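A quick write-up on the structure given underneath.
The values are calculated or read from the model by the stated rules, or taken from the named source; none is laboratory data. Bear in mind the structure is a predicted one, so any value in this text is a computation, not a measurement. Cβ atoms come from the backbone with ideal geometry, glycine included; neighbour counts cover every protein chain shown. Only protein heavy atoms, including side chains, enter the accessible area calculation; ligands, DNA and RNA are left aside. Shrake-Rupley method; radii C 1.70, N 1.55, O 1.52, S 1.80 Å.
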Amino acid sequence: MKMKERYFYPAVFTYDEGQEIAVVFPDLDVATSGINDDDALLSARELLGCTIYGLEEDHEEIPIPTPLQKVALQSNERAVLIDVYMPSIRQAHINRSVSRTVTLPAWLNAAALECNINFSQVLQDALKAQLHLQ
């Protein structure tokens, strides 16, 4: 089976007063939520990536997405097309190290060495923070 680079699936965002936005992928039978539209969208994209990755890993059939205009909705619901770029999802599950060369001022290098700073760990933590990753 040839793996696709990008998938697009409709998600149903449900808006109920005083509750988080519920997000359901009808074609995949999975759900998540978010405190606002941005959070719900990010949660939906993450869930879609994890779900598709799991199907790929288990060699299961990946359902054909329902066209956005054919998604049944209630009055408090909106259909949103969610996409996921799978190469980055697949890469994230490969936990191997790669070597990178960085340049920093000599005084900063000396100060960090004096304090026994783990350069690799600091760079990883900074990149995760910058990219808003766990």
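Of the residues that sit in the range 49-88 and are among the β-branched types (Val, Ile, Thr) and over 19 Å from the mean Cα position of the chain (by Cα), which one is farthest from Glu5 (Cα to Cα)? Within the range 49-88, the match that is farthest from Glu5 (Cα to Cα) is Val71. Can you find a residue that is open to solvent by 70 Å² or more (accessible area, probe 1.4 Å) and among the aromatic types (Phe, Trp, Tyr) anywhere in the range 9-29? Checked against the condition, which is being open to solvent by 70 Å² or more (accessible area, probe 1.4 Å) and among the aromatic types (Phe, Trp, Tyr), the range 9-29 yields at least one hit.
Do we find that Pro63 is open to solvent by 50 Å² or more (accessible area, probe 1.4 Å) and closer than 18 Å to Pro10 by Cβ in this structure? Judged against the criteria, Pro63 is not a match. The residue of the range 17-48 that is farthest from Arg90 (Cα to Cα), among those that are over 19 Å from the mean Cα position of the chain (by Cα) and of a type outside the set (Asp, Glu), is Gly18.
Contact map, the range 112-134: first residue within 20 Å of Ile89 (Cα to Cα), second residue surrounded by 10 or more Cβ atoms within 10 Å (Cβ to Cβ) and of a type outside the set (S, T, N, Q), Cβ cut-off under 9 Å, separation 6 or more or different chains; pairs are His132/Leu42; Leu133/Ala92; Leu133/Leu127; Gln134/Lys128. Of the residues making up the range 38-48, those that are open to solvent by 80 Å² or more (accessible area, probe 1.4 Å) and either within 18 Å of Glu5 (Cβ to Cβ) or not hydrophobic (A, V, I, L, M, F, W, C) (or both) are Asp38, Arg45, Glu46.
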